[in-house]
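What follows is a short report on a single structure.
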Amino acid sequence: MKKLINDFQAVYKEKGRYDLKSQVPYLSRLAEIYVRRSETSSLKWVELLKVCNSVIVVAIEIIDEGNMFSCYFCGFRMHSAHFEINLTSIPPQAHSLYSSCYSRDEHPQWQMEAFTVQRLYWGEGIRLSFSEQCDVTGRLKKALSSVRRKVNLGLHQIEPQVEQLNCEPEDVRSEKYNQFTNRWINDIKFLSSICNKDMIDFTSAIIEEAVKICGPPPCEFACIGIGSIARGETTPYSDLEFLFLVEDTANKCYFERLAVTTYFLIGNLGETKLKYMNIEELSLDKWFDDESINGFKIDGLSPNAGNIPTGNGSEKKRSRFITTVSELVAKYEEVYRDVPDRKKALKGDLSAMLASAVLLNGSETMVDEFRRRIAAIEATEARRFITKKMLAEDEKKFLLEPDNKLAEKIELKDQIYRYPTILLFDMKVYFKLSSSQCWSAIDELVEEGVIPATVGKDLEVLVATALFIRLSAYSHYGSQNNNITIWTVDRKGPETRVGREMWTISKSLLQLFFIHMLPVKNMVQKLVNGREEVDEDGDTTRDAFNTFGLTCFYCKDYESFLALRGRAPGSCTKTENWKAITLVALTETNRFQEVLEMAHEMISSDDLSSGPEAVVYSQLGFYYTSQGEYAKALECYNKCLAIKLTVYG
């Protein structure tokens, strides 16, 4: 094994990570090891199979009797006394390695090898031919491609609206702008609803194919989608997070097999990056960067994933999502009850995952019972108290400040499309909303009088814009790729995403997001500070100029910013952030004398906060460098660095 990985690393370094075909010989050999996993190298695989076939029935009987018998299937460690067989993680890992070979080489051999892994897992009880398997995969690929074509067509029709939404700060609340944003929201909401429905139907078809292979379920069950598909914001490239609610966990063996069969069917689509399957030899020291397509796949087997029926492959979390309604509700309560740090326990655990659930296949009655019992827990004061604290923290995750690193590169998942969703989830729990999807939750907030209609509209624009950016970026790459950046005036080419290696957010699109984010942030701050009814007393003109100024800053359009500065109201230009942006704009346009005067004026201020203060010293450093006064420049840069180290560590 060690020599194989060393040889692989050498070739990988020589050929580069984009030469996928050169990786096939090593991935296929690694797949063989995952299939064999034998410490007795002299045994042939066929001979080992004969031994395994003779003991598998006895092994299952031992398991059923409750005796200690650790299992690995398709990865056998041969000891003098026993085999270890893992029934839920190694088969999908071996399968993913062969599927990855096929995605790189497209030789039928790799499809057959992947199918062999499936047959070994299923045993003699399931009779599915290779040609039948290919037919199933072909139908599923065709259905997924159809969803993607539909989404691409919808995006193509919506995209021209972006430039129509480009307006002046004074016109943000005008009737014409209001009409444009209404159309923007409605068109994206319609496209999103179609996409989400189609992906639910597509996933349901996969479950049905798995049931056909495994046979009728022994008891009533429900396959529930969680995550983005439950929130109504999934894409044709999103991970599938799902679980099985079962009537009786005594039948868990069947549902484990059903789950793994589902993983096989999804893996056969060829869109699962190996890093999500937690192949230890490839993740060691993080040397392997898989450049294959990253599309529709299960949530994965990595330690931070595993929102699938069998968990992430660890014994501790094995099959934690094959459970009865009562057991899952009890786990949900456990997350925040009698835990020393309940707020920490809630973060990233069952709370956020299970707040929204949608039926993918099976019993609707079980899903309704689950939703009803979860809603009862969310209505408790203890849960609402924690949620309010979370809301205060989540509001700060997107800082509209000039010191923000946003201009360099955007983390799509955290800074754009998750932001409005996170805020809505917190408000859903805190205000005891019944809605689980974003759009209906906004409607409920407005109808209940929690937020005014104007802020509700801002939230809708945020959700719509986040969805548009996410769908557009994924469609642009043909993959789930979060690597996007902001268009800036120093970039070559037009202000468009077409033909770019990296998907680019246009100035108009960024401006749209900023315009409607600031009122939402102000609203959340008022809610956190104890005002549970938000009025409309905000300074709309000031907020509009602020967001327009920030857009110019992030797009490095400094001349436009300085022109905007002359029209902005005093309530805007006197803020620290506005002055800090002005310093940067003056420096970048070589107006150094104004930089010097303004910087010294700001430093003399007693209440200058750390972010703008760092900008002041940074721009003073630029000024002194331009004048050849390097000692003074170094002193300013050191002060800037000291502030940044204090703030960011």
Within the range 580-595, of all residues that are open to solvent by 30 Å² or more (accessible area, probe 1.4 Å) and not polar (S, T, N, Q), the one farthest from Val489 (Cα to Cα) is Glu594
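Residues in the range 145-156: is at least one assigned to a helix (DSSP H, G or I), of a type in the set (S, T, N, Q) and in contact with a Lys or Arg (Cβ under 7 Å, 6 or more places away or on another chain)?
no
Which ones in the range 263-291 are part of a loop (DSSP other than H, G, I, E, B), touching a helix residue (DSSP H, G or I) at 6+ places or on another chain (Cβ under 9 Å) and over 18 Å from Lys2 (Cα atoms)?
First, pick out the residues of the range 263-291 that are part of a loop (DSSP other than H, G, I, E, B): 268-273, 278-279, 287-291.
So of that shortlist, the ones also touching a helix residue (DSSP H, G or I) at 6+ places or on another chain (Cβ under 9 Å) come out as 268-273, 278-279, 287-290.
Residues satisfying the conditions are Asn268, Leu269, Gly270, Glu271, Thr272, Lys273, Asp289, Asp290.
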Counting only residues in the range 216-238 that are within 26 Å of Leu128 (Cα to Cα) and among the hydrophobic types (A, V, I, L, M, F, W, C), the one surrounded by the fewest Cβ atoms within 10 Å (Cβ to Cβ) is identified as Cys219
Flagged in the range 154-164 as open to solvent by less than 90 Å² (accessible area, probe 1.4 Å) and touching a helix residue (DSSP H, G or I) at 6+ places or on another chain (Cβ under 7 Å), in numbering order, are Gly154, Leu155, Ile158, Gln161, Val162, Gln164
Cys167: passes all of (1) part of a helix (DSSP H, G or I); (2) open to solvent by less than 60 Å² (accessible area, probe 1.4 Å); (3) more than 22 Å from Gly478 (Cβ to Cβ) but (1)
* To do: Output yes when any residue across the range 394-403 is at pLDDT below 60, part of a loop (DSSP other than H, G, I, E, B) and open to solvent by less than 20 Å² (accessible area, probe 1.4 Å), and no when none is.
  => yes
(message) Against the definition (modelled with pLDDT of 50 or more, crowded, with 20+ Cβ neighbours inside 10 Å, among the charged types (D, E, K, R) and assigned to a helix (DSSP H, G or I)), how does Glu14 come out, yes or no?
(response) no
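Given the condition aliphatic (A, V, I, L, M), modelled with pLDDT under 90 and crowded, with 17+ Cβ neighbours inside 10 Å, answer yes or no: does some residue in the range 358-367 qualify?
Restricting attention to the range 358-367, the residues satisfying the condition of being aliphatic (A, V, I, L, M) are 358-360, 366-367.
Narrowing further to those that are modelled with pLDDT under 90: none.
No, the range 358-367 has no match at all.
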Among (1) more than 30 Å from the chain's Cα centre (by Cα); (2) open to solvent by less than 10 Å² (accessible area, probe 1.4 Å); (3) at pLDDT 90 or above, Val151 falls short only on (1)
So Trp122, is it under 15 Å from Ala210 (Cα atoms), open to solvent by less than 60 Å² (accessible area, probe 1.4 Å) and either at pLDDT 90 or above or not charged (D, E, K, R) (or both): yes
Out of (1) at pLDDT 80 or above; (2) of a type in the set (S, T, N, Q); (3) buried (at least 20 other Cβ atoms within 10 Å of the Cβ), the one Asn577 does not meet is (1)
Checked pairs for the range 171-188, first part of a helix (DSSP H, G or I), second open to solvent by 70 Å² or more (accessible area, probe 1.4 Å) and among the polar types (S, T, N, Q), C-beta under 6 Å and 6 or more apart or across chains, list as Phe180/Gln164
Residues in the range 174-215 that are open to solvent by 60 Å² or more (accessible area, probe 1.4 Å) and over 27 Å from His156 (Cα atoms) total 2
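The values are calculated or read from the model by the stated rules, or taken from the named source; none is laboratory data. In this text, all values refer to a predicted model and were calculated from it rather than measured experimentally. All Cβ positions, glycine included, derive from the backbone under ideal geometry; neighbour counts span all protein chains shown. The protein model used for the area step is the full one, side chains on, heavy atoms only, and it has no ligands, DNA or RNA in it. Shrake-Rupley method; radii C 1.70, N 1.55, O 1.52, S 1.80 Å.
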